[in-house]
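Chemist: My questions all concern the structure below.
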2 protein chains.
Amino acid sequence: MSAAAAGRGDGGGDPDAARAGGTGTGPAPYDPYAFEPFAVTVDLAVLTVRGGVLHVLLIRRGQEPYAGAWALPGGFVLPRESAETAARRELAEETGLAPSLVDSLHLEQLRTYSEPDRDPRMRVVSVAFTALVPDMPEPAAEGGGDADRARWVPVGEVTQPAFDHARILADARERVGSKLEYTCLATAFCPPEFTLGELRAVYETVWGTALDRPNFRRKVLATPGFVEAVPGAARLTGGRGKPAALYRAGPATALHPPLLRPTEGPAR
Amino acid sequence: MSAAAAGRGDGGGDPDAARAGGTGTGPAPYDPYAFEPFAVTVDLAVLTVRGGVLHVLLIRRGQEPYAGAWALPGGFVLPRESAETAARRELAEETGLAPSLVDSLHLEQLRTYSEPDRDPRMRVVSVAFTALVPDMPEPAAEGGGDADRARWVPVGEVTQPAFDHARILADARERVGSKLEYTCLATAFCPPEFTLGELRAVYETVWGTALDRPNFRRKVLATPGFVEAVPGAARLTGGRGKPAALYRAGPATALHPPLLRPTEGPAR
DNA sequence: CCAAAAGTGTTGACAATACACCCATGA
DNA sequence: TCATGGGTGTATTGTCAACACTTTTGG
């Protein structure tokens, strides 16, 4: 164990100690190059619901390692960027979305992956984010950046992605599934105006369970600020049937009481 | 924007691109020193309940910046360590706890703080963790490491801590408060054997609300695997009153249905 | 008219609350 | 015996799940 960490004795990541560790370049204080450097990146699990199936945005790798494998989009955090800023920038570059739209998207920090050997070449610490977006065309159709190598892939068909991205994707699915229970996050998967049937499809797709339509409707409408009716608007959804009323996302973010998954866990 | 990130085009934090960015040291691939380095640290919000008040473990800083201010314990992630391993190591060093005990503690990754100027000296990306520990003596009494400068401080009395540690502490309180609702985490604040009154005190302390004793008891006992009775054992808690039965933490981790805070949020 | 989807009503099971009440112990 | 905290019982209230039913559209 190096003296840099063992004897630091200062709260909060104190770079003073850097002079005593790593490659040992001398006693100069605050020497940013004294340690073997860590690369800091972001990885993005961008999820959407297309045709009743949860999809994730993946990019085909062109280089070793994992050449030809699918990987989550992501990239380096630049010297003057926060991780979230880097995530939004990468999202814009790799999907071809308008920056104004990217700025308003729901982006949530998932967790940070820091196993020493998660990248075989060097030490890479990656801050993972989850982005929830409404259904949109294939990234290639919009062009720009790396979008030509990006594709929406059903999460069930993702096999052997690069690095530890299978784990990140699993964590993202878990997080989103449980966040639907106690937040109003589901509207992030929907276009600006949506029917309650479409909102219900989000829950059913992410959870993989069917929900009782009348009860779901009551629950959503009984939660103040979850959705707001668009007066007079209606739209046909399945081609047939009664046109459904349209709603917008409301100002609420929390869901009290929560909307729990049915038949989940060892209920008492 | 540097070409390193803009043109990366490879999923998953690809160090190949490092040669094109930062200090520009040449075309050698995988050059770990090509970028202005990021320091990666961990910060720990170690919480406990002492005498009905939530406390956090803080360390008095000895050096500038923020000399004399309180700071969360933490330190550098070593080259061959994951962030969680680093967090456990720092926890052992700064509290003087036995490593075996530290290994079994509940440690949860909170989030990563990466604002470019959160440390005035250099770029420090910090992975924050929350640890929940039972009430224990002052760190100084156990000695070892930096424990002589560490103290338990009531969270209400923490003013102007170093760096962005006020934000980290606030996020930790928020996270722990909501985790009590839908997980069995409260037992992590208790000693190995505890009474239901002590468990209830954890909820009341963290939430700052009173709970109905009989209903709390029924709720906990009705959740399978939350607590397990210690047969025949009993202990006096307040000096007076009927001795209370003792319980151990059970194998369950989730709480279905959740134990919601009373009068919380805009209930429907 | 039929199928399909939206929307409304009703009912029974069960959970949460708010208490009243009893038990065991120290002072 | 009184104060204090543990433990039990119970009635009211409300919420949720299940399902029957009506409405509105396209074929």
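The values are calculated or read from the model by the stated rules, or taken from the named source; none is laboratory data. If you're wondering where the values come from, they're calculated on a predicted model, not measured in any experiment. Please note: Cβ atoms are built from the backbone with ideal geometry, for glycine as well, and neighbour counts cover all protein chains shown. The protein model used for the area step is the full one, side chains on, heavy atoms only, and it has no ligands, DNA or RNA in it. Shrake-Rupley method; radii C 1.70, N 1.55, O 1.52, S 1.80 Å.
Chemist: Return yes or no: is A:T253 more than 8 Å from DNA strand C (Cβ to nearest atom), polar (S, T, N, Q) and away from chain B (no Cβ under 12 Å)? Break it down stepwise before answering.
Modeler: On the way: more than 8 Å from DNA strand C (Cβ to nearest atom): yes; polar (S, T, N, Q): yes; away from chain B (no Cβ under 12 Å): no.
No; evaluated as a whole, the condition is false for this residue.
Chemist: Given the criterion within 16 Å of DNA strand C (Cβ to nearest atom) and within 14 Å of another protein chain (Cβ to nearest Cβ), identify the matching residue among B:P214, B:P224. Spell out the reasoning first.
Modeler: Working: B:P214 fails: within 14 Å of another protein chain (Cβ to nearest Cβ).
Answer to the check: B:P224.
Chemist: Which ones in segment B:234-261 are touching a strand residue (DSSP E or B) at 6+ places or on another chain (Cβ under 8 Å) and within 10 Å of DNA strand D (Cβ to nearest atom)? Before the answer, list the steps.
Modeler: Going through segment B:234-261, the residues touching a strand residue (DSSP E or B) at 6+ places or on another chain (Cβ under 8 Å) turn out to be B:234-237, B:243-250, B:253-255.
Across segment B:234-261, the qualifying residues are B:A234, B:R235, B:L236, B:T237, B:P243, B:A244, B:A245, B:L246, B:Y247.
Chemist: Then there is this: Select, from A:H106, A:H55, the only residue that is within 14 Å of the chain's Cα centre (by Cα), more than 13 Å from every other protein chain (Cβ to nearest Cβ) and under 30 Å from B:P120 (Cα atoms). Step through it out loud before you land on a result.
Modeler: On the way: A:H55 fails: under 30 Å from B:P120 (Cα atoms).
Unique residue meeting the criteria: A:H106.
Chemist: How about segment B:61-176: which helices (runs of 4 or more DSSP H) wholly inside it have at least 3 residues that are open to solvent by less than 50 Å² (accessible area, probe 1.4 Å) and touching a Gly at 6+ places or on another chain (Cβ under 6 Å)? Even if it seems obvious, please write down each step before you answer.
Modeler: On the way: elements: B:83-95, B:99-104, B:139-142.
Fully inside segment B:61-176 and qualifying: B:83-95.
Chemist: Looking at A:L72, A:L47, can you tell me which residue is at pLDDT 90 or above, closer than 30 Å to A:A172 by Cβ and facing chain B (nearest Cβ under 7 Å)? Talk me through it step by step, then tell me what you get.
Modeler: On the way: A:L47 fails: facing chain B (nearest Cβ under 7 Å).
Residue meeting the stated conditions: A:L72.
Chemist: Among (1) away from chain B (no Cβ under 14 Å); (2) under 20 Å from A:V49 (Cα atoms); (3) among the small types (G, A, S), which single condition is A:S178 missing?
Modeler: (1)
Chemist: Further question on the same structure: B:K179 fails exactly one of the following numbered conditions: (1) among the basic types (K, R); (2) modelled with pLDDT of 95 or more; (3) within 30 Å of B:Y66 (Cβ to Cβ). What is the number of that condition?
Modeler: The single condition B:K179 does not satisfy is (2).
Chemist: It is to be established whether one or more residues within segment B:245-255 are assigned to a strand (DSSP E or B) and modelled with pLDDT under 95. Step through it out loud before you land on a result.
Modeler: Applying the first criterion (assigned to a strand (DSSP E or B)) to segment B:245-255 yields B:245-249, B:254.
So of that shortlist, the ones also modelled with pLDDT under 95 come out as B:254.
Within segment B:245-255, one or more residues are assigned to a strand (DSSP E or B) and modelled with pLDDT under 95.
Chemist: Hey, could you check segment A:186-208 for residues that are in contact (Cβ under 8 Å) with a residue 24 or more places away in the chain and open to solvent by 40 Å² or more (accessible area, probe 1.4 Å) and say which is nearest to DNA strand C (Cβ to nearest atom)? Talk me through it step by step, then tell me what you get.
Modeler: Step one: filter segment A:186-208 for residues in contact (Cβ under 8 Å) with a residue 24 or more places away in the chain, giving A:187-199, A:201-207.
Those left that are additionally open to solvent by 40 Å² or more (accessible area, probe 1.4 Å): A:191-193, A:198, A:204.
On the way: A:P191: 14, A:P192: 17, A:E193: 13, A:E198: 7, A:E204: 11 Å.
Only one residue tops the list, namely A:E198.
Chemist: Of the residues B:V202, B:V206, B:V230, which is among the β-branched types (V, I, T), within 11 Å of DNA strand D (Cβ to nearest atom) and outside any loop (DSSP other than H, G, I, E, B)? Steps first, answer last, please.
Modeler: On the way: B:V202 fails: within 11 Å of DNA strand D (Cβ to nearest atom); B:V206 fails: within 11 Å of DNA strand D (Cβ to nearest atom).
Residue meeting the stated conditions: B:V230.
Chemist: Could you please let me know if B:L97 is within 30 Å of A:D119 (Cα to Cα), modelled with pLDDT under 95 and in contact with a Leu (Cβ under 8 Å, 6 or more places away or on another chain)?
Modeler: Numbers: within 30 Å of A:D119 (Cα to Cα): no; modelled with pLDDT under 95: yes; in contact with a Leu (Cβ under 8 Å, 6 or more places away or on another chain): yes.
It is false that B:L97 is within 30 Å of A:D119 (Cα to Cα), modelled with pLDDT under 95 and in contact with a Leu (Cβ under 8 Å, 6 or more places away or on another chain).
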